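Step one of this worksheet: look at the structure below.
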Amino acid sequence: MSDALSAGTASGKSRARASRFAERSAAILGDIWPPVVVLVALLGFWEWACMAFAVKPYVLPAPSAIWEAATSGFGQLMYNAGITAWEALAGFVIGSAMGAVIGTAFAYSRFMARGFMPLLIAANTIPTVAIAPIIIIWFGHGIGSKIAVTAFLSFFPLALNMMKGLQSYDRVVADVFRISAASPAQTFFKMRLPTAMPYVFVGLKLNVTFSVIGAIVAEFIQADRGLGFVIMTTYRTMAMPKLWAAMILSALLGIVFFLIVAALERLFVPWHASMEPGR
Amino acid sequence: MAEPLSIAVEIRRLSLTYGRQGSQVHALSDVDLTIPTGGFVSLIGPSGCGKSTLLRILGDLLDPGAGEVRINGKSPKAERLDRRIGFVFQEAALLDWRTIIENVALPLELHGSPRAKREARAQELLDLVGLKGFERARPRQLSGGMRQRAAIARALSTKPDLLLLDEPFGALDQITRDRLNMELAHIHEVTGVTVVLVTHSIREAVLLSDRIVVMTPRPGRIESIIENDLPRPRSLETRALPLFEDLVRQGNLELEKGYSHV
């Protein structure tokens with residue numbers, strides 16, 4: 001290949017890369033602007049409606065009032081959000097780990113699945129507000145009981161998805177592993193677990209949203225800190241803008257957690273059909 | 001074929017019945033078959049004749065019922081655990097999360113072979129099956145024919161003595177099928193591996209094998225064995241020889257006999 005030609009292809013390549021980058025940014029922008037436009041329009045309408053109809057702040061505070069409440073007590077709000085985030089995260093990790101172990105046991109043992117599944121379904125149908133006082137009595141008044149409630153709420157989706165995922169392997173691929181005299185451990189780590197990963201992420205995405213709900217509900221029952229505690233105390237004093245700020249913050253917490261799990265999914269299962277562009 | 005008289009596969013009075021008493025299905029009944037080392041045998045017959053069952057027993061994916069099966073003098077299980085058997089299925093059955101070279105190297109990886117060594121071997125095989133340049137591609141990016149080539153390369157990775165193929169080209173278009181037939185003939189020649197091919201196509205069986213085993217269903221058994229003396233190496237031009245058409249006619253006749261039992 002001559003120098004001129006290779007130089008030509010090199011600059012062609014960088015041009016192609018540049019246009020790919022432009023395409024990608026355009027695609028990302030295309031994904032982002034519709035929700036941004038909707039959000040800005042909604043906030044504008046909300047602000048305007050509160051002013052125009054003189055809505056009482058305790059019925060519906062204007063966005064500016066919520067912003068005001070959030071910024072004036074910013075440090076305190078962030079501290080409490082941090083507590084809730086920690087409870088949700090620890091509960092999510094413990095609950096998901098339990099769910100993964102239980103789901104794996106169910107996938108490998110028909111007896112375990114048949115025997116324990118009704119119990120698990122029953123446990124999962126218990127309202128969190130009903131079980132939370134019991135867990136608080138068992139685990140004390142500190143952060144530990146909030147983590148336990150969160151863990152209790154966020155293990156079931158992963159247990160179910162783990163079981164389903166581990167059972168969803170291709171039977172012909174299983175024959176390939178058998179012909180190759182693979183050990184049970186190799187079959188688990190190199191075939192069944194990778195096949196289960198898309199299912200695992202469905203479970204984790206459900207768990208991570210439940211974990212924030214679990215932490216806040218537990219704080220409702222009994223707590224001296226956390227976003228649930230802020231919501232409870234501001235409700236008692238009718239400091240509604242601050243309650244709204246805490247509520248929005250808890251939703252943001254859930255969204256951030258969800259996005260982190262979604263990013264991990266892109267990292268770990270980029271090969272899955274659902275990850276192809278246009279899906 | 002170093003020793004033309006050594007025996008790769010020996011099957012004696014093999015029978016297999018599925019199901020409970022009253023509703024039994026005789027998948028295989030009294031099958032006798034001997035395959036010399038380096039031989040190429042095709043199993044052909046209608047659905048339910050037991051050809052795939054027989055292949056799965058050879059690969060130790062299915063336990064034999066009654067009778068004896070020996071591969072190089074040992075049981076199919078011993079041969080499988082020794083990684084002496086390669087198996088290609090109708091679907092490529094590649095792992096979507098691995099690149100093509102990682103898929104081809106999988107059996108060696110499971111065997112504990114170091115990365116550099118197994119990737120060198122996989123590269124050799126990718127060259128052999130015509131997949132050079134697709135090492136880092138994902139299975140999803142390849143056509144059905146290319147995926148099947150990768151599956152053949154994977155089956156050959158452990159240098160097996162016995163290559164079992166269960167309708168490997170059944171899902172491919174005719175042109176791709178012709179090309180892969182020739183690849184398989186080439187692989188058989190250069191590696192000297194003993195091949196057992198299950199197929200629905202009498203022309204494919206005649207083109208590739210030394211011996212065509214015609215099977216019939218209910219119960220699954222061997223109807224007849226056609227010796228195929230077409231010259232080697234085989235090519236697509238082999239199909240123009242008068243003997244080729246004679247053998248196809250003979251094969252179809254034997255298959256008809258099988259259907260008349262149905």
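The values are calculated or read from the model by the stated rules, or taken from the named source; none is laboratory data. This is a predicted model, so every value here is computed, not measured. In this analysis, Cβ positions are derived from the backbone assuming ideal geometry, glycine residues included, and neighbour counts consider all displayed protein chains. For accessibility, only protein heavy atoms count, side chains too; no ligands or nucleic acids. Shrake-Rupley method; radii C 1.70, N 1.55, O 1.52, S 1.80 Å.
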Would you mind checking region B:171-197 for residues with the amide N under 20 Å from a putative spin-label position 7 Å along Cα→C-beta of residue B:124? B:183-195
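Need one number: % antiparallel among DSSP beta bridges in the protein assembly as shown, to the nearest 5.
55
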Enter the Cα centre distance for the pair region B:105-146 and region A:56-121, rounded to the nearest angstrom. 44
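Averaged across orientations, what area in nm² does the convex hull of the alpha carbons in region A:155-279 project?
Details: hull surface 42.0 nm².
The orientation-averaged projected area of the Cα hull of region A:155-279 comes to 10.5 nm².
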With every protein chain kept in place and a 1.4 Å probe, region A:63-275 has an accessible area per residue in Å² of 48
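Using only atoms on other chains, find how many Cβ atoms lie within 10 Å of each Cβ of peptide B:87-98 and report the average.
Numbers: counts 6, 2, 6, 1, 4, 3, 8, 3, 9, 8, 10, 3.
That average works out to 5.
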For A:182-193, mean number of other protein chain Cβ atoms within 10 Å: 2
Taking accessible area as the heavy-atom solvent-accessible surface of the protein chains with a 1.4 Å probe, which residues of region A:140-173 lose no less than 50 Å² upon going from the isolated chain to the full protein assembly? A:172
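May I ask for the net charge around residue B:79, where only other residues with Cβ less than 11 Å from the Cβ of residue B:79 are counted and Lys, Arg are +1 while Asp, Glu are -1? Could the numbers behind the result be given before it?
Details: positive: B:70, B:74, B:77, B:80, B:83, B:84; negative: B:60, B:82, B:161.
After counting each charged neighbour, the total is +3.
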Residues of region B:219-257 with amide N under 19 Å of a point placed 7 Å along Cα→Cβ from residue B:10: none
Rank B:250, B:225, A:243 by how far each Cα sits towards the positive end of the charge dipole of the protein assembly as shown (+1 on Lys, Arg Cβ; -1 on Asp, Glu Cβ) and give me just the farthest. A:243
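For a distance above 35 Å, tell me the whole-number percent of Cα pairs in chain A that qualify. Could you put the intermediate results ahead of the total?
Values: 15382 of 38781 pairs.
Tail of P(r) above 35 Å: 40 percent of Cα pairs.
What is the gain in length, in nm to one decimal, between residue B:17 and residue B:77 on full extension, counting 0.36 nm per residue of separation less the C-alpha to C-alpha distance? Kindly include the intermediate steps, with their values, before the conclusion.
On the way: separation 60, 0.36 × 60 = 21.60 nm, distance 1.97 nm.
Gain in length upon complete extension: 19.6 nm.
Can you tell me the alpha carbon radius of gyration of the protein assembly as shown divided by the globular rule-of-thumb value 2.2 N^0.38 Å?
For the protein assembly as shown, the normalised Cα radius of gyration comes out at 1.35.
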Considering only A:210, A:112, A:221, whose Cα is most displaced toward the positive end of the charge dipole of region A:63-275, charges sitting on Cβ of Lys, Arg (+1) and Asp, Glu (-1)? A:112
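Is there a quick way to get the dipole size of region A:63-275? I mean about its Cα centre, with the Cβ of Lys and Arg at +1 and of Asp and Glu at -1; what is the value in debye to the nearest 20?
Details: 13 positive and 7 negative charges, 108 e Å.
Dipole about the Cα centre, nearest 20: 520 debye.
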With a ≥ b ≥ c from the Cα gyration tensor eigenvalues, square-rooted, and the rule rounded for a/c under 1.5, otherwise prolate when a/b > b/c and oblate otherwise, region B:131-262 is prolate
What lysines does residue B:77 reach when the alpha-carbon gap must be under 16 Å and sequence neighbours fewer than 8 apart in one chain are set aside? none
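Rounded to the nearest 100 Å², what is the buried accessible area between A and B, both sides summed, probe 1.4 Å? Show your work: numbers first, answer last.
Details: alone 16920 and 12510 Å², together 27430 Å².
Using a 1.4 Å probe on protein heavy atoms, the buried area is about 2000 Å².
How much of the accessible area of the protein assembly as shown, in percent, comes from carbon and sulfur atoms when a 1.4 Å probe is used?
On the way: 17540 of 27430 Å².
Here carbon and sulfur together make up 64 percent of the probe-accessible area.
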For residue B:211, other-chain or 5+-apart residues with amide H closer than 5 Å (H placed, Pro excluded) are B:40, B:42, B:228
